[in-house]
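For reference, the structure is listed below as structure tokens.
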Amino acid sequence: MAFKSRRRFLTDAAAAAGATLAAPLEALARRAHTGDREPVSGLGPLSPTRDEVTGLALLDLPPGFRYRSLAWTGDAMESGTRTPGAPDGMAAFAGDDGVVYLIRNHELSSGAAFAPTLAYDGAAGGGTTILTISADGNLLGARASLAGTVRNCAGGPTPWRSWLTCEESVLGPATPGGGLEKPHGYVFDVPVDGTPTRLPLTAMGRFVHEAVAVDPRSGIVYETEDARRAGLYRFTPKTPGRLADGGRLQMLAVRGRPRLDLRTAQPAGVRYGVYWVDIAEPDRAHETQAAADGGGVFAQGYAAGAAIFARLEGAWYADGRVFVTSTDGGHARMGQLWALDIDRQELRLVFESPGAEVLNMPDNVTVSPRGGLVLCEDGTANPCVHGLTPDGRLFRLARNAVRLAGERNGIAGDFTSSEFAGATFSPDGRWLFVNVQTPGITFAITGPWEEGGI
């Protein structure tokens, strides 16, 4: 019932997001093609800005912007459990009185589960936590919501107010030296209310997952794979909104072009008609890459004629389309954005970066309610969060300046080369939440967004 009652709201919101996601990148592609390199001031020059919580200068931000560090690796949560490290993908959900619930992945592999009572596998270190945040950006509480998983990298929100967290690994008990008690490589459904769930959704496939996007009209889930030979998958559940009931897993193929390799340079705006091939054994074990190539999920689809992508990462549903990023696809291996038109069953190349100076391996991308995009790049030695205006102008929004000498939880070191991850806006668009993955800090950033067109 909850799935149906939210369908209209989510579809209307996604319709607005669809144009927003595609248009700035298409404009960026046009500027790159015409050689337009006009400098973009964006929101102004970045300068050291002090954290309102610790007083430390951890981020460089434009004038008028401020931030709060919300949660650090090692902080005590409500149960007394220490906050795990390596925060990654996130989603924000609205609560009462402006409260925001922020579900965070933790991309950890080894070690005992950080919350044993919530663990799927007691010998795995990954999982998810939930932060409760006030309307003015104060942390109200933190709790564990899933533990005992491996490399929870990305995922995606659902119409039934949960977060699908994805394991970017296929390790298991048969992996030499792994020490794991159970097989991994699954999706888990984590409710925003924190109801414990330790059930792997095996019918959705066992492979190197990255992200998911749910079509709110049908309940079909689209899944990306972060591997050198990656597939784009769809899972049609038997019961929309109840993924544990099982369903049908399939992999995308291009009509008339069996096993088409989409990792290489593609003509601008190229379109391909697509169809879907069945994955007969979605839970087929493959705990090494060699075994995966010889009979795992990808190999099954490829044998049936499915297409190959390069490292599919982000995935978003909007206005009847699913957008996915290929982090190192294209001639320059600097990234592609693909759009799947669900109703037409057509795949279109929206954008391909011609070089690092235009866009450097886009990973996390989030839509701003003001018409622009916020991007976290995956290939830069000087990690920044970027803004992209609706007319295709790219500028730096935040720069990592985390250098510590034990001021918080005994953490010390220069972490300025650590990547940003998990960028997502609060439901009201006021706060941008983003992680610096190492040493593991979640930030809430706010300021005059409209001045920069994002």
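The values are calculated or read from the model by the stated rules, or taken from the named source; none is laboratory data. Owing to the predicted nature of the structure, the values given are computational and were not obtained by experimental measurement. All Cβ positions, glycine included, derive from the backbone under ideal geometry; neighbour counts span all protein chains shown. Only protein heavy atoms, including side chains, enter the accessible area calculation; ligands, DNA and RNA are left aside. Shrake-Rupley method; radii C 1.70, N 1.55, O 1.52, S 1.80 Å.
Tabulated results
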{"item": "Residue check, residue 438 farther than 26 Å from residue 100 by Cα and either open to solvent by 10 Å² or more (accessible area, probe 1.4 Å) or at pLDDT 95 or above (or both)", "result": "no"}
{"item": "Residues of segment 387-400 satisfying the condition of being assigned to a loop (DSSP other than H, G, I, E, B) and either of a type in the set (Val, Ile, Thr) or under 13 Å from residue 377 (Cβ atoms) (or both)", "result": "389"}
{"item": "Breaking point among (1) on the phi < 0 side of the Ramachandran plot; (2) open to solvent by 10 Å² or more (accessible area, probe 1.4 Å), for residue 161", "result": "(1)"}
{"item": "From 161, 143, residue being more than 17 Å from the chain's Cα centre (by Cα) and among the basic types (Lys, Arg)", "result": "143"}
{"item": "Segments classed as strands (runs of 3 or more DSSP E), wholly inside segment 123-229, with at least 3 members that are of a type in the set (A, V, I, L, M, F, W, C)", "result": "126-133, 139-149, 162-167, 187-191, 209-214"}
{"item": "Verdict on residue 379 being at pLDDT 85 or above and surrounded by fewer than 21 Cβ atoms within 10 Å (Cβ to Cβ)", "result": "no"}
{"item": "Residue within segment 82-101 that is among the small types (Gly, Ala, Ser) and farther than 22 Å from residue 446 by Cβ present", "result": "yes"}
{"item": "Pairs where the first residue, in segment 296-314, is open to solvent by less than 10 Å² (accessible area, probe 1.4 Å) and the second is of a type in the set (Lys, Arg) and modelled with pLDDT of 95 or more, C-beta under 6 Å, 6+ apart", "result": "305/259"}
{"item": "Residue match in segment 142-155 (condition: more than 19 Å from residue 422 (Cα to Cα), at pLDDT 95 or above and surrounded by fewer than 23 Cβ atoms within 10 Å (Cβ to Cβ))", "result": "no"}
{"item": "Residue satisfying condition, being more than 17 Å from residue 296 (Cβ to Cβ) and basic (Lys, Arg), within set 217, 206", "result": "217"}
{"item": "Extreme residue, nearest to residue 46 (Cα to Cα), among residues of segment 375-413 that are in contact with a His (Cβ under 8 Å, 6 or more places away or on another chain) and aliphatic (A, V, I, L, M)", "result": "397"}
{"item": "Residue within segment 46-68 that is touching a strand residue (DSSP E or B) at 6+ places or on another chain (Cβ under 7 Å), of a type in the set (Gly, Ala, Ser), touching a residue at least 24 places away in the same chain (Cβ under 8 Å) and open to solvent by 50 Å² or more (accessible area, probe 1.4 Å) present", "result": "no"}
{"item": "So residue 287, is it open to solvent by 30 Å² or more (accessible area, probe 1.4 Å), modelled with pLDDT under 90, among the charged types (D, E, K, R) and within 25 Å of residue 28 (Cα to Cα)", "result": "no"}
{"item": "Within segment 184-214, considering residues that are open to solvent by 40 Å² or more (accessible area, probe 1.4 Å) and either in contact with a Leu (Cβ under 8 Å, 6 or more places away or on another chain) or modelled with pLDDT of 95 or more (or both), the one farthest from residue 163 (Cα to Cα)", "result": "202"}
{"item": "Residues that are at positive phi and more than 20 Å from the chain's Cα centre (by Cα), drawn from segment 57-107", "result": "64, 74, 80, 97, 98"}
{"item": "Test: residue in segment 385-400 that is modelled with pLDDT under 90, surrounded by fewer than 20 Cβ atoms within 10 Å (Cβ to Cβ) and among the basic types (Lys, Arg)", "result": "yes"}
{"item": "From the options 265, 203, residue that is closer than 26 Å to residue 366 by Cα and either of a type in the set (Phe, Trp, Tyr) or over 18 Å from the mean Cα position of the chain (by Cα) (or both)", "result": "265"}
{"item": "Hits in segment 401-421 - residues which are assigned to a strand (DSSP E or B) and at pLDDT below 95", "result": "420, 421"}
{"item": "Residue list for segment 97-141, filter: crowded, with 17+ Cβ neighbours inside 10 Å and either of a type in the set (Ser, Thr, Tyr) or in contact with a helix residue (DSSP H, G or I) (Cβ under 6 Å, 6 or more places away or on another chain) (or both)", "result": "101, 109, 120, 128, 129, 132"}
